[in-house]
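Novice: This is the structure I have questions about; it appears just below.
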DNA sequence: ACCTTAATTCATCACGTGATGAATTAAGGT
DNA sequence: ACCTTAATTCATCACGTGATGAATTAAGGT
C-alpha cells in the first residue's frame, strides 16, 4: 500500500550492484522463446517479463537475433553428450542413445531444447538448417562401425532420428500423459530396443520376428 | 514492354467474371502458412503473393484468424481415413495405419498437413490443443479391441503416435534425404512393423527378440 | 435499360514492432 | 575526492501490422 521506496518507478541511472539484469533478461527470453517461439516473442514482452526497460535488451544483447542466439547457446557441446554412446559397439547403442538424449532434456537445458525443437520445425528456413546439422553432425557419427552401404547407413540413421524425435515431441512438447510422467529408465526400456532395431536389425523385420 | 491494357494497375471496381480471387487468396495463404507458420505470415504478404489488394483478404475471410481457419479446413474428416484401419484386428493394424497416414500426406492436403503439424508444435497454446485432440479422437479409437488395461492402452497409443509423428517430421518437414524420396510402400514396410510392435508386442521386447 | 449487389481499390487508423541516441545516475577503481 | 565507465531511463523513429469504411466499377438478374 505504501509507495515502496525500494522500487522507485522511474529512477534513472545505475542500480545497486549484483542485480544480474542481463541474467534476468536471458532467463525471461529463454522461457518466452520456449513457449511462443521466435516470431511469437517480442523484445518488449521479454523486457516486461524481466521487469526491465526494453532498451536494456538492446544494451546487453544488441538485437533480437542476438538475444535469440544467446538464449539458445548450449553450455555443453551436445556432440560430447553422444560421444560415450559411440564408444559402444553398434549392437548395444540403442538404450544408451535414448538415455543420453533424454538426459539432455531432463536437465536445466530443457527450455533451450524446447526452443530449438520448436523453431527447427516451425518454419521452412529453420527446417533446412536442421537438415544440414543432421547431415553434418549426427549422420556421419551415429553409424560408425557398421558395414552397411552408405545409403543404408543414412536411412537407418534417419529412422532412428525419427523415432527419437517423435519420442521427444510426444513426451516434452505435446506432453501426452502417461508417457510424459514416466521415469526415464522406463522410457529407455520401452524405446531403446526399437532404436536398436533400426540401428542393426534386418530392415523390414516384422513384429516379434514374423517369419512366415 | 507495352503498357498491357489487360492488367490496368489501379482500375477499381468489379473484374471480369471467373477469376476466383477467393481461391487464389486461399491458395497463397495455404502455401505461406505451410512455409512460415501463422506468426510468420502477414496478411499483406498473402495478398501480395495472390496479386491482390490486402483489403480483399478481409473482404473474403474477415480476418487473419478466419483465413487461417479456412486454410486449415480439411475437405475430408481424417477420422474417416483411419476408420478402415480400425476394422482390422489389432494384430494387423501396423502397416495399414502407416499407409493411411502417409496417404493423407501424399495427397493435395500436404500443405495443410504441414501447416497443422508446424503450428501444433510451434507454440505452447497450439500444443495444448493437439494434446486434447489426441486424447479425444485418436487414443480412444486406436486401441479398441485389445484387452490391455487402460494405462497400457494409453501408453501404447502414445508410443505409436510418437513413432508416426517422428516419421512424418523427418520425411515431410525436415525432409531428410534418402527417407524423403522413398516410395510409400517401402516406408510402410520399414516403419509399419515397429508400429505393430508398439500396438501388440510385449512392451519391452529387445531387438530381434532378445531372450537372454 | 435499370438497379441491386458483389468485387475491387484507396486512404487511413491505431498500435506494436525493433531500434537508436541522448540524458541521467551510480559503481568502483585510483 | 575524482573520474571513467557501466547501467538505466526516456523520447523518439520508421515501419509493418491487422483492420475499417467509403468510393468506384462492373456483373447479372429483372
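Coordinate-derived values only; no laboratory data. Fair warning: this is a prediction, and the values are worked out from it, not measured in the lab. In this analysis, Cβ positions are derived from the backbone assuming ideal geometry, glycine residues included, and neighbour counts consider all displayed protein chains.
Novice: Placing the label point 7 Å from Cα along the Cα-to-Cβ direction, what are the distances from residue B:75 to the equivalent spots in the other copies, shortest first, in nm to one decimal?
Specialist: Distances between equivalent label points, in nm: 5.2.
Novice: Same structure again: What nm distances, shortest first, do you get from the label point of residue A:42 to those in the other copies when the point sits 7 angstrom along Cα to Cβ?
Specialist: Label-point distances to the other copies, shortest first: 1.4 nm.
Novice: Find, among the residues of chain B, the one whose Cβ sits nearest the axis of the rotation taking B to A; state the distance in whole Å.
Specialist: Closest Cβ on chain B to the axis mapping it onto A, in Å: B:166, 1.
Novice: Kirkwood hydrodynamic radius of the range A:21-72 from all distinct Cα pairs, in Å?
Specialist: That comes to 10.3 Å for the range A:21-72.
Novice: Obtain the nm distance between the two label points defined at residue B:184 and residue A:87 by a simple spin-label model: each point lies 7 Å from its Cα along the Cα-to-C-beta direction.
Specialist: That separation, rounded to one decimal, is 4.7 nm.
Novice: Give me the inter-chain shielding for B:180-188: mean count of other chain Cβ atoms within 10 Å, whole number please.
Specialist: Per residue, the average neighbour count from other chains is 1.
Novice: Once R0 is set to 30 Å, what does the formula 1/(1 + (r/R0)^6) return for the Cβ-Cβ distance between residue B:79 and residue B:203, expressed as a FRET efficiency to the nearest 0.05?
Specialist: Values: r = 27 Å, r/R0 = 0.89.
Once the sixth-power term is evaluated, E becomes 0.65.
Novice: Just need log10 I(q)/I(0) for chain A at q = 0.09, 0.18 Å⁻¹, Debye formula, equal scatterers on the alpha-carbon atoms, no solvent, rounded to two decimals.
Specialist: -0.48, -1.30
Novice: Percent relative contact order of the range B:78-200, based on C-alpha pairs within less than 8 angstrom and at least six residues apart?
Specialist: Relative contact order comes out at 43 percent.
Novice: Moving to a separate point now. With axes computed from alpha carbons, what is the tilt in degrees of helix A:150-168 against the longest principal axis of chain A, rounded to the nearest 10 within 0 to 90?
Specialist: Between the helix axis and the principal axis of chain A, the angle is about 50 degrees.
Novice: Evaluate peptide B:118-131: per residue, the Cβ atoms of other protein chains within 10 Å of its Cβ; return the mean as an integer.
Specialist: 6
Novice: Taking each residue in B:107-114, count the Cβ atoms of any other chain within 10 Å of its Cβ, then average. What number comes out? List each step's numbers first, then the result.
Specialist: On the way: counts 0, 0, 0, 0, 0, 0, 0, 2.
Mean number of neighbouring Cβ atoms from other chains: 0.
Novice: Sticking with this one: Residue separation times 0.36 nm, minus the C-alpha to C-alpha distance between residue A:106 and residue A:124: what's the value?
Specialist: 3.7 nm
Novice: Could you identify which residue out of A:161, A:128, A:180 has the top mean-square fluctuation in a GNM of chain A using Cα springs shorter than 10 Å?
Specialist: Its mean-square fluctuation being the largest, the pick is A:128.
Novice: For chain B, what is the mean residue ellipticity at 222 nm derived from helices alone (per DSSP H run of n ≥ 4: -39500 (n - 2.57); sum divided by total residues; nearest 500 deg cm²/dmol)?
Specialist: Per the formula, -18500 deg cm²/dmol.
Novice: Next up: Can you give me the pair-distance distribution of the range B:78-200, C-alpha pairs, 10 Å bins, whole percents?
Specialist: 12, 45, 35, 7
Novice: Nearest 10 degrees, 0 to 90: what angle lies between the long axis of helix B:124-133 and the longest principal axis of chain B (Cα atoms)?
Specialist: 60 degrees
Novice: Once Rh for the protein assembly as shown is found with the Kirkwood sum over Cα pairs, what is the Stokes-Einstein diffusion coefficient at 4 °C and 1.567 mPa s, in µm²/s?
Specialist: It comes out at roughly 54 µm²/s.
Novice: Using a 10 Å cut-off on Cβ atoms, rank the peptides B:143-149, B:54-60 from the highest mean neighbour count down. Kindly include the intermediate steps, with their values, before the conclusion.
Specialist: Numbers: B:143-149: 13.0, B:54-60: 15.9.
The packing order, highest mean first, is B:54-60, B:143-149.
Novice: Compute the label-point distances linking residue B:58 to its equivalents in the other copies; points lie 7 Å from Cα along Cα→Cβ; give nm, one decimal, shortest first.
Specialist: Inter-copy label distances (nm, one decimal, shortest first): 3.0.
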